[in-house]
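For reference, the structure discussed in these notes is given below.
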Amino acid sequence: MDLHELYVGCRTYRRFTQEPVGEEIVREALENARIGSSGKNAQPLRYVAVTSPEAVRDMQPLVKWAAALPPEIGTPKEGEQPTAFILVVKKAGAIAFSDVDVGIAANIIATTAWTHGVGSCLMGAINGPKIKERFGIPEEDTLRLAIALGYPAHSSTIVDMPADGAFDYYVDEKRDYYVPKRAFDDVVRFA
Ligand SMILES: Cc1cc2nc3c(=O)[nH]c(=O)nc-3n(C[C@H](O)[C@H](O)[C@H](O)COP(=O)(O)O)c2cc1C
């Protein structure tokens with residue numbers, strides 16, 4: 001798979017087969033994130049790999065799926081839920097640029113996983129206090145993102161953005177996803 005193919009396929013996935021994601025894939029994703037670029041090379045991020053069945057089960061009610069869709073469509077049901085999560089934590093005192101580090105790390109994790117056919121959903125709508133408590137994340141640190149992982153049980157296709165600029169993703173009758181993206185010339189200007 002060339003890089004463009006990787007980025008086309010590496011969409012957000014919200015329903016998964018229940019085949020577990022192997023620990024070696026999680027480790028490879030985190031190893032790649034560990035060596036990613038970091039503002040000032042300060043490396044303020046820490047990760048919690050949530051892989052044990054009990055821990056993964058405890059995560060499920062603490063994340064919120066698909067703000068653009070009604071819950072009965074966007075929220076994975078029992079038997080469709082992710083089989084692992086990675087928590088991305090910013091250490092207390094991290095510099096302002098550290099949110100860029102979070103984005104870089106999240107993308108590295110998602111793309112590394114996708115090279116193994118593992119889909120992901122970056123999740124910002126999470127119950128931070130409850131997740132921090134459950135996984136012993138220090139009070140002073142910031143839980144910035146949870147990344148859901150699993151083998152996708154649906155497709156997701158990029159489509160052109162409609163003329164009215166509506167950016168909400170939507171599903172068809174099989175609950176396969178369609179994700180409008182702005183046109184190249186609408187987002188890029190050469191100078
Ligand atoms: C910072 C960030 C936070 C997100 N938070 C959530 C979330 O809490 N729940 C969810 O279902 N999707 C979440 N998403 C996924 C977006 O909805 C998704 O990226 C967007 O619809 C575009 O789809 P695509 O990733 O397939 O291009 C988040 C994505 C990003 C980048």
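The values are calculated or read from the model by the stated rules, or taken from the named source; none is laboratory data. It should be emphasised that the depicted structure is a prediction, and the values quoted were computed from it without experimental measurement. Don't worry about glycine lacking a Cβ; one is built from the backbone with ideal geometry, like all the others, and counts go over all protein chains shown. Protein only, heavy atoms only, side chains kept; ligands, DNA and RNA dropped before computing areas. Shrake-Rupley method; radii C 1.70, N 1.55, O 1.52, S 1.80 Å.
Things worth noting here:
- Positions within the range 29-46 being touching a Leu at 6+ places or on another chain (Cβ under 9 Å) and open to solvent by 40 Å² or more (accessible area, probe 1.4 Å), in sequence order: R34, R46
- Condition broken by I109, with the remaining ones in (1) touching a residue at least 60 places away in the same chain (Cβ under 8 Å); (2) open to solvent by less than 30 Å² (accessible area, probe 1.4 Å); (3) over 16 Å from the mean Cα position of the chain (by Cα) satisfied: (3)
- Scanning the range 112-137 for residues that are assigned to a helix (DSSP H, G or I), open to solvent by 30 Å² or more (accessible area, probe 1.4 Å) and not charged (D, E, K, R) yields W114, T115, P129.
- Filter result for the condition that a residue is open to solvent by less than 60 Å² (accessible area, probe 1.4 Å) and away from the ligand (no atom under 15 Å from the Cβ), over A96, A68, A84: A84
- Close pairs (6 angstrom Cβ cut-off, 6 or more residues apart or separate chains): touching a residue at least 60 places away in the same chain (Cβ under 8 Å) in the range 159-179, open to solvent by 40 Å² or more (accessible area, probe 1.4 Å) and assigned to a loop (DSSP other than H, G, I, E, B) anywhere: Y177/Y169; V179/Y169
- Within the range 15-28, at least one residue is in contact with a helix residue (DSSP H, G or I) (Cβ under 8 Å, 6 or more places away or on another chain) and open to solvent by 50 Å² or more (accessible area, probe 1.4 Å).
- Residue tally, condition away from the ligand (no atom under 16 Å from the Cβ) and either touching a His at 6+ places or on another chain (Cβ under 9 Å) or hydrophobic (A, V, I, L, M, F, W, C) (or both), over the range 111-142: 2
- In the range 52-65, residue most open to solvent (accessible area, probe 1.4 Å) [restricted to those that are under 14 Å from C121 (Cβ atoms) and assigned to a loop (DSSP other than H, G, I, E, B)]: K64
- Here E140 meets each of (1) outside any helix (DSSP H, G or I); (2) touching a helix residue (DSSP H, G or I) at 6+ places or on another chain (Cβ under 8 Å); (3) acidic (D, E) with one exception, condition (2).
- Filter result for A106 (within 11 Å of the ligand (Cβ to nearest atom) and in a loop (DSSP other than H, G, I, E, B)): no
- Contacts under 7 angstrom Cβ, first residue in the range 137-151 being acidic (D, E), partner within 16 Å of the ligand (Cβ to nearest atom) and not in a loop (DSSP other than H, G, I, E, B), 6 or more apart: D141/V89; D141/K90
- Of all residues assigned to the range 155-162, none qualifies as being open to solvent by 20 Å² or more (accessible area, probe 1.4 Å), under 23 Å from R27 (Cα atoms) and within 14 Å of the ligand (Cβ to nearest atom).
- Test: A49 is within 26 Å of A66 (Cα to Cα) and open to solvent by 40 Å² or more (accessible area, probe 1.4 Å): yes
- Looking only at the range 4-28, residues that are within 16 Å of the ligand (Cβ to nearest atom) and over 13 Å from H154 (Cα atoms) come to 5 in all.
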